[in-house]
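Notes follow once the structure below has been shown.
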Amino acid sequence: MTPLITANQLEEIINSGENVLLCDCRFDLTNPEAGRKAYEESHMLGAIYVDLDQDLSGPKTGSNGRHPLPSPEAWAQTKTRLGISANTLVVAYDKQGSVYASRLWWMLKATGHAHVRVLDGGLDAWNGPMGSVPRQPTPSSHPQSPMPYFGLALVDELISNIASKKNIVLDARSNDRFHGENETIDPIGGHIPGAINHFFKNNLSATSFKAPKQLYQQYLELLGTTKASEVIHSCGSGVSACHNLLAMEAAGLKGSRLYVGSWSEWCSDPDRPIEL
């Protein structure tokens, strides 16, 4: 199953009567309530709202980043509450170039849920029915079992990688933030020493992903002979990094990993080195 689905493909699946759970993932880092408010005003008919802070993140400690993952047990409970069972086709969308939808996609894939796709182009691509009545999730009658996250890289490995250079760390933030300029979200600017930059918006043409062949060529030029399994994705807080991960998978480059703590975790320890 490819990670992306077009609006036309989705409409056909919905019309066929297949069990599809539409997840509205709109969010704004600077205004955390904006996504939910936008959902309450208008959303794809039948969609539920999935909140980055409340549903797709765990408790913050001050040293584990701005959007740490929920524990496997908590994530299993959330999946059950949202109505996700083993056979549910989950289609995630947003209106921010699929950056928040990609976080849900990764979390489901990383815990063994194969039937998940991101609506290419997001809400901008959808011409189907819309609704304005918020839908409460219908909990699954088959509770999900906790599953460890597959494809994670933890901070100790990132520290070791500075010397070993076993992996390429690919940072999805904008070029200015990568170089410590115009940092308005995290308290310290810069990047992990040795990381390279690929702004997630470079995966897009307007609001949709570039064609798989274009993405493949783009990452081939960026990574050279480095295997996908030797790539660790980073960003500010483990969200936009999922966009690069999804783009690589759409290009057929599978097996890269996520450093979910990303820069917000890295810069919380003054003993960790910083590069500008």
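One residue stands out among those in the stretch 254-274 that are of a type in the set (A, V, I, L, M) and closer than 16 Å to residue 102 by Cα: the one that is surrounded by the fewest Cβ atoms within 10 Å (Cβ to Cβ), which is 258.
Please indicate, with yes or no, whether at least one residue in the stretch 198-219 is hydrophobic (A, V, I, L, M, F, W, C), in a helix (DSSP H, G or I) and over 15 Å from the mean Cα position of the chain (by Cα). Looking through the stretch 198-219, at least one residue is hydrophobic (A, V, I, L, M, F, W, C), in a helix (DSSP H, G or I) and over 15 Å from the mean Cα position of the chain (by Cα).
The conditions of being on the phi < 0 side of the Ramachandran plot, modelled with pLDDT of 95 or more and not aliphatic (A, V, I, L, M) are not met by residue 140.
Yes/no per residue for (1) outside the structural domain of residue 260 (by TED's automatic domain parsing); (2) crowded, with 16+ Cβ neighbours inside 10 Å; (3) not charged (D, E, K, R):
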site: 79; (1), (2), (3): yes, yes, no
site: 102; (1), (2), (3): yes, yes, yes
site: 105; (1), (2), (3): yes, yes, yes
site: 142; (1), (2), (3): yes, no, yes
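The requirement of being hydrophobic (A, V, I, L, M, F, W, C), free of Cβ contacts under 8 Å to residues at least 24 places away in the same chain and outside any loop (DSSP other than H, G, I, E, B) is satisfied by residue 74. Residue count for the stretch 128-156 under the criterion of being of a type in the set (A, V, I, L, M, F, W, C) and not in a loop (DSSP other than H, G, I, E, B): the result is 3. Inside the stretch 106-138, residues that are without any contact (Cβ under 8 Å) to a residue 60 or more places away in the chain and under 20 Å from residue 39 (Cα atoms) make up a count of 2.
Do you know which of the residues in the stretch 157-197 that are among the charged types (D, E, K, R) and outside any loop (DSSP other than H, G, I, E, B) is surrounded by the fewest Cβ atoms within 10 Å (Cβ to Cβ)? Per the criteria, the residue is 176. Taken over the stretch 8-46, the criterion of being crowded, with 20+ Cβ neighbours inside 10 Å and in a helix (DSSP H, G or I) is satisfied by 10, 35, 39.
The values are calculated or read from the model by the stated rules, or taken from the named source; none is laboratory data. Keep in mind that what you see is a predicted model, and the values were worked out from it rather than measured. As a convention, Cβ positions derive from the backbone with ideal geometry for all residues, glycine included, and neighbour counts pool all protein chains shown.
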